[in-house]
Amino acid sequence: MNIGLIGYPVHHSLSPEMQNSAFRELGLNYKYEKFNVEPGKLGDIICYFQANGFKGFNVTIPHKETVMPFLDEIDEEALAIGAVNTVDIKDGKLIGYNTDGKGFVNGLKQKLIKPISESHILILGAGGAARAIAHSLYLHQPMSIVIANRTTRRAEKIIQECLKGDGNALTLQEAEHMLSRFDIVVNTTPIGMHPNYNEIPLDLRRLNEGTVLSDIIYNPLKTKWLKLGEQKGAIIDNGLSMFVHQGALAFEIWTGRKPNVDLMKETVIKQLGGSYVNR
Ligand code: NAP
C-alpha cells in the first residue's frame, strides 16, 4: 500500500522516514513517499493517488485548506479547525481529518500534573498550528484560553471560529505581563527555530515554577525559550511530541494499528542529527 505526503516545498520533511520505520516494525507492507505539489496541481495528484491505489496521504503547507473541496467527507474536528492534514482513501472515497491538534494534546498530556480542564492556557501565535491546537485544547474545556499574537485580529478570528467566542485575544506584551496567571503556555510562532537559535517569543520573567511550557518547534529540540523556562522550574514539552503524535494518529487512520511512538521519536531525532539537538 502506498501513502503520500503533499506539500510545497516538501523536500525537508521528516515524515517519510518516521512513518516507514513504524510500518517496517509492524511488518506492514506500506510505503510512505513525498510529492512536491505546486499550488494549482492538487487535482492532478489526487487523481494519481486514486488511480494508483494509494491508501491515503498527508497534507502540509500550503495545501491544508485548499485540499478540502476535493474531499468526499471531512470529520468534525477538521471542519472546526478549517484545515485537513490527513486523508484516508476508503472504497474510493476521500475522507479528511486533522490530527495536528489532537496529536499536540496527546503529547502534552504526558507532561501535565493537573488536567487541562483545571488549567488556564496561553497560546502564542495565531497561524495554522495555533488554530488546531486551540480547538483541541478547547474540547477539553479548560478554565480559560488566551491567544496572544503580533496581529491580535488573527487571534480574535480563531476565538470566534474555533472556540465559539470563548476566549480572549491579547498582544504579546500584554501576555508577558499576565504570564503568572497561566498553567500551560504554548509557543506556536516560529520564533527560536533553526537558524534563529537566540530568539525567544516571550520574556519569562513572570513565569511561575511548575508552569507547563510547550514549544512546538522541533529544530532545535530544546529552544532557548524552553531552556530558560527549565531554569525557572517550568515543566517543558518540545515540538517533537506533537510531530510524532500527529503522525501516529494518521498511521492509525490508514492502518487501524497503533505504531511504536518511541521508535518514531528516535527516527526523527536521528534525522535531525546530533549537532542540532539542544544546541
Ligand atoms: P503560520 O500559519 O505562518 O503562523 C505563524 C504565527 O507566528 C503567526 O501568528 C505569526 O504572527 C507569528 N509570527 C511569525 N513570526 C513572528 C515574529 N517575528 N514575531 C511575532 N510573531 C510572529 O505558521 P504555522 O503553520 O502555524 O507554524 C508555526 C510554527 O509551528 C512553525 O515553526 C512550524 O514549524 C511549527 N509547527 C510544528 C509542528 C509540530 O508538529 N511540532 C506542526 C506544525 C507547525 P502574525 O499573525 O502576526 O503574522
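We did not get these values from a lab; they are worked out from the coordinates using the rules stated. None of these values were measured; they are calculated from a predicted model. Heads up, the Cβs are rebuilt from the backbone with ideal geometry, glycines too, and the neighbour counts pull from every protein chain shown.
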Practice problem: Name the lysines eligible as straight-distance cross-link partners of K111: C-alpha to C-alpha under 20 Å, and not fewer than 8 places from it in the same chain. | Solution: K102, K222, K224, K227, K232, K265
Practice problem: Quick one: net charge around G128, please, counting Lys, Arg +1 and Asp, Glu -1 for every other residue with C-beta under 13 Å from its C-beta. | Solution: +1
Quiz item: How many nm separate the modelled label positions at K90 and Y197, each set 7 Å beyond the Cα in the direction of the Cβ?
Solution: 4.5 nm
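Are there any trypsin sites (Lys or Arg not before Pro) in region 157-253 that are in a DSSP loop and have at most 11 other Cβ atoms within 10 Å? List them by number.
Passing sites in region 157-253 are K164, R205.
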Self-check item: Virtual spin-label span in nm between I235 and R153, 7 Å along Cα→Cβ
Solution: 3.9 nm
Exercise. State the extension gain, in nm to one decimal, for the chain segment bounded by K270 and E118, taking 0.36 nm per residue of separation less the distance between their alpha-carbons.
Key: 51.1 nm
Practice problem: Please give the calculated 222 nm ellipticity per residue for the chain, where each DSSP H segment of at least 4 residues contributes -39500 (n - 2.57) and the sum is spread over every residue; nearest 500 deg cm²/dmol? | Solution: -11000 deg cm²/dmol
Self-check item: Residue-wise HN-Hα coupling along region 54-65, computed from phi with Karplus coefficients 6.51, -1.76, 1.60 (Hz; x: Gly, Pro)
Solution: 5, 7, x, 7, 9, 10, 10, 3, x, 9, 4, 9
Quiz item: How long is the gain from E174 to Y48 if the chain were fully straight, where each residue apart is worth 0.36 nm and the alpha carbon distance is subtracted?
Solution: 40.5 nm
Quiz prompt | Nearest-0.05 FRET efficiency for R181 and E73, computed from C-beta distance (R0 41 Å) | solution = 0.50
Exercise. Using a/c under 1.5 as the rounded threshold, could you call region 179-254 rounded, prolate or oblate? The axes a ≥ b ≥ c are square roots of the C-alpha gyration tensor eigenvalues, and prolate needs a/b larger than b/c, oblate otherwise.
Key: oblate
Quiz item: How much FRET efficiency would the formula 1/(1 + (r/R0)^6) give for N2 and E65, where r is the Cβ-Cβ distance and R0 is 22 Å, rounded to 0.05?
Solution: 0.35
Quiz item: Which percent, to the nearest 5, of DSSP beta bridges fully inside the chain are antiparallel?
Solution: 20 percent
